[in-house]
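Single-structure report; data block below.
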Amino acid sequence: MSPFPSKDPRAMVETAFLASTTAMLFLINYYFPLGPLLRMLFPLPTALAYLRWNGRAAWMAMIVTALLLAILMGPTRSIQYIIPHGLVGVTLGYLWKRDFPWSGSLSIATVISSLGTAFQFVFLSILLGENLWTYSIVQITGFLNWLMQLFGSLEQPDFAAIQTFAIAAIVFSNFAYQLLVHLVAWIVLDRLGNPIPAPPKWIESLLA
């Protein structure tokens, strides 16, 4: 395969198309939020660029997407795309092209996505001038207090338990999100002629 983009113009054209597709998905989701329906597609065009061509194409797709979002929505949204969706897309493309099992790609993508969530807390806290993590902890504390009262307990959860619950919730939500990304990629990319490794047997049996 020719190295991108020296000899085969298809690599450049496809990369530009995939980048514009990602930017369009991000833009639509911002103005018409549909929950995880569009979000689970964010990393896939970049991963597809890696599967169809190579790592350079994937990085270029991510960079072009970020530039488009910076023009259309401002640098803030561009950064929020790069971390974590762009990095997850490049990473998944790398792992899928090397036939990593789902256990490995899911774990790595979950770690990157969770770190991306932590970055989002810091980034948005700086922009807004407020500590969003503290605000989230207050909300979680209220939820846990309500939950414990519901079961007849008047004890107050300690701070360490609240922090642990918050971190566990972030990791679990990112794992669930990455599982959806993998499932969609398994279904869609196979039809595009760039299949990813097959899921574990128990997942196939659930979907059968």
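Annotation: of all residues in region 23-59 being within 15 Å of the chain's Cα centre (by Cα) and among the polar types (S, T, N, Q), the one that is farthest from Arg191 (Cα to Cα) is Asn29. Provide a single number: the residues in region 73-109 that are closer than 14 Å to Ala19 by Cα and touching a Leu at 6+ places or on another chain (Cβ under 6 Å). Of the residues in that region, 2 qualify. All of Ile112, Ile63, Ile79 fail the test of being under 19 Å from Ala49 (Cα atoms) and β-branched (Val, Ile, Thr), apart from Ile63.
Only one entry in Thr164, Thr141, Thr117, Thr134 is closer than 27 Å to Pro75 by Cα and without any contact (Cβ under 8 Å) to a residue 40 or more places away in the chain, namely Thr134. The set of residues from region 95-110 being in contact (Cβ under 8 Å) with a residue 24 or more places away in the chain and more than 16 Å from Val171 (Cα to Cα) comprises Trp96, Lys97, Asp99, Phe100, Pro101, Trp102.
When region 60-97 is examined, which residues are found to be in contact with a Phe, Trp or Tyr (Cβ under 7 Å, 6 or more places away or on another chain) and on the phi > 0 side of the Ramachandran plot? Once the filter is applied, which keeps residues that are in contact with a Phe, Trp or Tyr (Cβ under 7 Å, 6 or more places away or on another chain) and on the phi > 0 side of the Ramachandran plot, region 60-97 yields nothing.
For (1) closer than 26 Å to Phe42 by Cβ; (2) of a type outside the set (Phe, Trp, Tyr), each residue gets a yes or a no:
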{"residue": "Val138", "(1), (2)": "no, yes"}
{"residue": "Trp146", "(1), (2)": "no, no"}
{"residue": "Gln149", "(1), (2)": "no, yes"}
{"residue": "Gly152", "(1), (2)": "no, yes"}
{"residue": "Pro157", "(1), (2)": "no, yes"}
{"residue": "Ala166", "(1), (2)": "yes, yes"}
{"residue": "Ile170", "(1), (2)": "yes, yes"}
{"residue": "Ser173", "(1), (2)": "yes, yes"}
{"residue": "Gln178", "(1), (2)": "yes, yes"}
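Counting just the residues of region 95-127 that are of a type in the set (A, V, I, L, M) and under 16 Å from the mean Cα position of the chain (by Cα), which one comes out surrounded by the most Cβ atoms within 10 Å (Cβ to Cβ)?
Applying the filter and picking the extreme gives Ala109.
Within region 172-201, residues that are more than 13 Å from Leu92 (Cβ to Cβ) sit with their Cβ atoms under 6 Å from residues that are small (Gly, Ala, Ser) and part of a helix (DSSP H, G or I), at 6+ positions apart or across chains, in these pairs: Asn174/Ser113; Asn174/Ser114.
Filtering region 22-78 to residues that are among the hydroxyl-bearing types (Ser, Thr, Tyr) and in contact with a Gly (Cβ under 6 Å, 6 or more places away or on another chain) leaves Thr46, Tyr50. Do we have Leu207 as at pLDDT below 85, surrounded by 14 or more Cβ atoms within 10 Å (Cβ to Cβ) and either in contact with a strand residue (DSSP E or B) (Cβ under 9 Å, 6 or more places away or on another chain) or among the aliphatic types (A, V, I, L, M) (or both) here? For Leu207, the condition - at pLDDT below 85, surrounded by 14 or more Cβ atoms within 10 Å (Cβ to Cβ) and either in contact with a strand residue (DSSP E or B) (Cβ under 9 Å, 6 or more places away or on another chain) or among the aliphatic types (A, V, I, L, M) (or both) - is not met.
Condition (residue is among the polar types (S, T, N, Q) and within 25 Å of Leu192 (Cβ to Cβ)) applied to region 72-84: is it met by at least one residue? Within region 72-84, not a single residue is among the polar types (S, T, N, Q) and within 25 Å of Leu192 (Cβ to Cβ).
The values are calculated or read from the model by the stated rules, or taken from the named source; none is laboratory data. Owing to the predicted nature of the structure, the values given are computational and were not obtained by experimental measurement. With ideal geometry, Cβ positions are generated from the backbone for all residues, glycine too; neighbour counts draw on all protein chains shown.
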